[in-house]
Structure formats: structure tokens, C-alpha cells
Amino acid sequence: MANCEHKISDLDARGHGDEKLCILHSQDPNKDKDDFNKTLEDYRNGGRCDFSSILFSDYANFSGTTFSKRANFQRAITSLSIYVKTVPIRPF
């Protein structure tokens, strides 16, 4: 199985609409929310901080998160909101 065309991780492109995208980057509005949330949780728990171009189709809560390195939300897309109000910012 091929990896997602976005090089932020080694996630598989599992046929979520566009075969070249993982579930985090899939533009499919009907993608499985439980699968997305589980994949995002695993991604975050792995210490990954690059969320560029991820399509958040639901509310994303990053409160209480301390990123171990610079977090990247460039080109991230959401139809609702991403909550980062209480995320501590540390110089890198």
C-alpha cells in the first residue's frame, strides 16, 4: 500500500476518496469520523506536530497539549474549529 502523498508521516493512503491520501488528508466529506479521530490521536501520541494540510472535519481540541517541537498548522482546513487557546507556547 502506498503512503499518503503528504510527506508529514508514514500513513497509508487507504482509499479514502482519493487513493493518494491518508484519512487525515482525505477531502472526502463522508470519511469515517471515528477512524479519523483514532488516527489523529495515534498521530499526536507519536509525538508528531505537523498538522499541515490536514482536513479537520470535526472539532479538534488541542487544549492542554504541550508540543515537543514546533507545531505546524499551515494549510490545515476545518469546517468547525480547532481549539488551541490554552496550549503553552515555548520557544524552540
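Some values worked out for this structure:
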quantity: Unsatisfied cross-links (Cα-Cα over 24 Å) in the set LYS7/LYS69; LYS33/LYS69; LYS20/LYS69; calculated: LYS33/LYS69; LYS20/LYS69
quantity: Region 46-55 - phi-based ³J(HN,Hα) in whole Hz, Karplus 6.51/-1.76/1.60, Gly and Pro as x; calculated: x, x, 7, 10, 9, 10, 4, 6, 6, 9
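Where a number appears in this text, it was derived from the coordinates with a stated rule and is not lab data. Because the structure is a prediction, the values reported are computed rather than measured.
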